[in-house]
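Computed from the coordinates by the stated procedures, all read-outs in this text should not be read as laboratory data. The structure displayed is predicted, hence computed values, not measured ones. In this analysis, Cβ positions are derived from the backbone assuming ideal geometry, glycine residues included, and neighbour counts consider all displayed protein chains.
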Amino acid sequence: MELLETYGMLLIIMAAVVGFFMAWGIGANDVANAMGTSVGSKALTIKQAIIIAMVFEFAGAYLAGGEVTKTIRKGIIDAEFFVPVPELLVLGMISALFAAGTWLAIASYKGWPVSTTHSIIGAIIGFTAVGISVDAVAWVKVGGIVGSWVVTPAISGLIAYIIFMSAHKLIFTTENPFEKARRYVPIYMALAGFVMSLVTIKKGLKHVGLELSTSTGYAVAVGIGIAVALVGKYFIDRQHFSSEHDAEEQTKNVEKVFAVLMVVTACCMAFAHGSNDVANAIGPLAAVVNVVQAGGQINASAPLAPWVLPLGGFGIVAGLALFGHRVIKTIGQGITHLTPSRGFAAELAAATTVVLASGTGLPISTTQTLVGAVLGVGLARGIAALNFSIVKKIIVSWVITLPAGAVLSLIIFYILRLAFGV
């Protein structure tokens, strides 16, 4: 307790610095979830993708990142163990942020798309299990996270496969893709509008006093889906479709329609991602600020200081601008060749999986969701369409993310304890 009174301001400054570093790592690595498929399918250039992601990620983080954030992410540890020693929770959360940020920086440099959620959870487990008590960790939840490494990509991959194959059969392999696109693309637009609305409603608006009931949320999403379909049909009908063009020329023009859809889905995913995953950086930071300002008292949730959300938002944007292109390249070009229709199938499948997971409580990584979806699209074209050397590296990086965060966090935790004489 004496530590908090003597070094309280220094600890808050340290937490703010490593919190920014963690947000930087989220921007550098996780934002590829929203933008990788758009760049890989040539719907957006990498510069356009980064500018769009900056706007929507920051908007999501700042506007809907949460006025009240759980101080212990995902309920992965039992705060009761820290009540007698709140200073260890403070040092532990600083260690966790620094460790997770370091791992994300390494992974981003290598171009590995890893889970920022798993990085911070692994880091929190590391200092808690060894530095405090093994019993302080909710191991059942950890088991659920490990299980999600298989379940999440499998679900999104299956959905992406179904979406892509349906478009392939209904539009691209027909004699007149133009005419079929006029009929079926508005249905895909309605589906995209519905799912993206649900993602934004469930992930983006719940913290700003706009949380809707389940029935109202679905009703709004259905309405938006229908509106998007009607607007889309209006513009598609204005296009000059001609059956005189050969099938290849028609296919190119149909892909342009999907490219426009890709931009819309990317914006929605970026907003939802910013609102959801910024908590990986500001949750532990909020815990430190709250415990220090409360004189060592540990609360289940903490009202955020006004500077915390902008710090997280700017950190995400900085990481994206400096390092984001590396992971975007892996997602968009490394796994399989993407066209706008394939990228759209992957993005929509990822968003659908996010909605399903939030409704069932399945622990989920947006990174693994999107990678699974891209794999599903690749498999739809045959197993030879996948770059297995890249896929192998990605899977290995997923497996080592949790232990890497844990080990780094533990080392930093003991260094801080030594430095502060705790």
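Observations, loosely collected:
- Out-of-range pairs (alpha-carbon distance over 19 Å; input Lys42/Lys252; Lys180/Lys233; Lys42/Lys233; Lys252/Lys329): Lys42/Lys233; Lys252/Lys329
- Remark: the Thr216-Lys329 segment gains 36.8 nm on full extension, using 0.36 nm per residue and subtracting the alpha carbon distance.
- Against the main long axis of the alpha-carbon atoms of the chain, helix 2-29 sits at an angle near 20°.
- Segment 104-127 and segment 133-149 have Cα centres spaced 16 Å apart.
- Set of aspartates and glutamates near Lys393 by C-alpha distance (under 20 Å), chain-local residues within fewer than 8 positions excluded: Asp30
- Coupling constants for segment 220-232 follow from the phi torsions by the Karplus curve (6.51 cos²θ - 1.76 cosθ + 1.60, θ = phi - 60°), and in residue order they are 4, 5, 4, x, 5, x, 5, 4, 4, 5, 5, 5, x Hz; glycine and proline get x.
- The angle between the Cα long axis of helix 86-110 and the longest principal axis of the Cα atoms of the chain comes to about 40 degrees, rounded to the nearest 10.
- Relative to the longest principal axis of the Cα atoms of the chain, helix 46-64 runs at roughly 50 degrees.
- Summarising the amide proton neighbourhood of Ile77: residues at separation of 5 or more, or on other chains, whose placed amide H is nearer than 5 Å comprise Ala138.
- Dipole size of segment 2-420 about its Cα centre, with +1 on Lys/Arg Cβ and -1 on Asp/Glu Cβ: approximately 780 debye, rounded to the nearest 20.
- The Cα-based radius of gyration of segment 2-420, divided by its Kirkwood radius, gives an Rg/Rh of 1.01.
- With neighbours defined as other Cβ atoms within 10 Å of a residue's Cβ, the residues Ser341, Ser41, Ser389 order from fewest to most as Ser389, Ser41, Ser341.
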